[in-house]
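Enquirer: Okay, here's the structure, questions in a sec.
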Amino acid sequence: MKSKIVYTFTFERLNEFKNKKPINDEVITAIAFADKNNPIKFEKSKNYYVDISNLYKANTNNMFIEKIMHQIYSKENVNVILEENSKNRFGQDFATSFDEFKPIQTIYGKKDFANYDFINIDNKGLKKIEESLKDDLIGHDAFKKDFVNKLKDFPILYKLGEMKIFSLLICGNPGVGKTELARIIHKTMYKESKMIKINLGNYKTQGAINSLIGSPIGFFGSERGGELSNKIRNSDSKVILIDEFEKADTDIFNFFYELLEDGKFTDLTNNEYNLNGYVIIFTTNLSKENYKEMLPAPLLSRFTLKCFFEDPTNNEKIEFIDKRIKKLVDNYNKEIKTPQINFQLIKDNLDYEIINKVQDFRVINRIITNALIKTINDKN
């Protein structure tokens with residue numbers, strides 16, 4: 001069998017590929033490719049991409065897949081494409097059938113995108129994250145330094161088999177930057193992808209694990225999958241935010257214990273999801289005093305880094321206010337322009353009585369946007 005590249009995809013990148021590929025090229029299913037009753041008339045001027053993902057996930061006999069692959073490889077202008085999460089199993093079953101895996105976006109020119117990876121991060125990438133945290137995350141200076149240092153160690157520990165997932169547990173009051181941390185890291189590394197966010201505050205019913213990774217085959221809704229598995233399939237991001245972690249039940253705690261140990265999980269329809277090299281950020285409103293009482297000790301021992309985000313100081317509030325007003329004014333002057341406003345006008349309309357009482361940046365942000373609207377209305 002002639003060796004070829006297998007192009008892997010998330011659905012986010014597959015849809016992009018379908019929009020950017022040459023108009024004459026075609027993406028076809030393995031079943032359509034193998035249909036003898038309606039044979040495809042292959043044209044030499046086209047490239048064909050055969051998606052074998054559904055066939056492979058259906059646990060089809062490997063002999064049948066092998067036969068299809070023989071047919072694919074016999075044609076110079078036909079390529080194999082495969083969902084990313086089937087890559088490891090496919091590699092074990094057909095290791096001699098191809099030279100290498102490549103992300104599908106490399107076909108249409110996004111070569112750098114494929115290299116954004118925490119387990120291969122270099123000094124340039126670390127510097128980029130460090131600068132983003134400095135610019136966009138107010139306060140928490142000791143954490144920023146500790147995080148970047150441990151992230152620098154991740155590739156070494158990963159290659160030695162000592163760490164599969166970089167996991168953070170961030171505790172603190174609402175609105176102090178826990179969720180913002182995840183957004184900053186995601187945007188810095190994977191700004192072209194959807195963010196993977198799970199809010200466990202929504203998982204209050206029995207059987208929450210089914211909502212997370214899908215119901216067993218044969219159960220109602222099993223074809224829809226779970227929120228986590230679906231979001232992983234649909235995004236190239238390797239940053240996962242698990243919000244309100246303290247609200248998880250025992251089954252979900254056990255699931256994440258095993259995930260952090262193994263670096264992968266299998267959903268209830270037997271699809272494997274390999275999260276080796278991911279950064280998973282767990283946030284909770286628990287305090288230093290009670291987090292050990294609420295979260296299982298074995299699970300706590302699995303986190304790469306545990307940190308407590310303190311409430312902002314007055315100086316940090318001022319820094320946040322100044323940055324937010326500047327950004328709002330810049331966006332306003334770019335998008336709307338009239339009536340003209342400026343930094344000082346908005347600042348003069350802030351409700352400092354409330355600002356002095358609250359520690360939540362979300363509340364302060366609402367006060368800033370209210371001041372923006374008041375400034376505009378005063379001008380009209």
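The values are calculated or read from the model by the stated rules, or taken from the named source; none is laboratory data. Note that the structure is predicted; figures quoted are calculated from it, not measured. A quick note on method: Cβ atoms are made from the backbone with ideal geometry, for glycine too, and the neighbour counts reach across all protein chains shown.
Enquirer: Sort through SER237, SER215, SER229 and tell me the only one that's crowded, with 18+ Cβ neighbours inside 10 Å, under 22 Å from ASN270 (Cα atoms) and at pLDDT 85 or above. If you could, list the steps in order and put the result at the bottom.
Expert: Working: SER237 fails: under 22 Å from ASN270 (Cα atoms); SER215 fails: at pLDDT 85 or above.
The conditions single out SER229.
Enquirer: With the requirement that a residue be within 19 Å of the chain's Cα centre (by Cα) and part of a loop (DSSP other than H, G, I, E, B), what does the stretch 266-283 give you? Write out each step before concluding.
Expert: Here is the first cut: in the stretch 266-283, the residues within 19 Å of the chain's Cα centre (by Cα) are 266-267, 271-283.
Those that are within 19 Å of the chain's Cα centre (by Cα) and part of a loop (DSSP other than H, G, I, E, B): ASP267, ASN271, LEU275, ASN276, GLY277, TYR278.
Enquirer: Contact list please: Cβ distance under 9 Å, first residue in the stretch 122-135 and closer than 14 Å to ASP146 by Cα, second residue part of a helix (DSSP H, G or I) and of a type in the set (Asp, Glu), pairs at least six apart or on different chains.
Expert: Pairs found: LYS134/ASP141.
Enquirer: A further question follows. Output yes when any residue across the stretch 247-257 is touching an Asp or Glu at 6+ places or on another chain (Cβ under 9 Å), farther than 12 Å from SER167 by Cβ and of a type in the set (Lys, Arg), and no when none is. First the steps, then the outcome.
Expert: Looking only at the stretch 247-257, we keep the residues that are touching an Asp or Glu at 6+ places or on another chain (Cβ under 9 Å), and these are none.
The answer is no; no qualifying residue exists.
Enquirer: Then there is this: Given the criterion assigned to a helix (DSSP H, G or I) and aliphatic (A, V, I, L, M), identify the matching residue among ILE341, ILE354. Explain how you work it out, then say what you get.
Expert: Details: ILE341 fails: assigned to a helix (DSSP H, G or I).
So the residue among ILE341, ILE354 that is assigned to a helix (DSSP H, G or I) and aliphatic (A, V, I, L, M) is ILE354.
Enquirer: Just checking, does the stretch 245-265 include any residue being in contact (Cβ under 8 Å) with a residue 40 or more places away in the chain, over 30 Å from GLU16 (Cα atoms) and assigned to a loop (DSSP other than H, G, I, E, B)?
Expert: yes
Enquirer: While we're looking at this one, here's another question. Which one of these is under 22 Å from ILE184 (Cα atoms), at pLDDT 80 or above and exposed (fewer than 15 other Cβ atoms within 10 Å of the Cβ): ASN115, ASN77, ASN123?
Expert: Working: ASN115 fails: at pLDDT 80 or above; ASN77 fails: under 22 Å from ILE184 (Cα atoms).
ASN123 is the lone residue from the list that is under 22 Å from ILE184 (Cα atoms), at pLDDT 80 or above and exposed (fewer than 15 other Cβ atoms within 10 Å of the Cβ).
Enquirer: Does PHE98 satisfy the condition of being at pLDDT 95 or above and either closer than 30 Å to ILE23 by Cβ or in contact with a strand residue (DSSP E or B) (Cβ under 6 Å, 6 or more places away or on another chain) (or both)? Spell out how you get there, then give the answer.
Expert: On the way: at pLDDT 95 or above: no; either closer than 30 Å to ILE23 by Cβ or in contact with a strand residue (DSSP E or B) (Cβ under 6 Å, 6 or more places away or on another chain) (or both): yes.
No, not satisfied.
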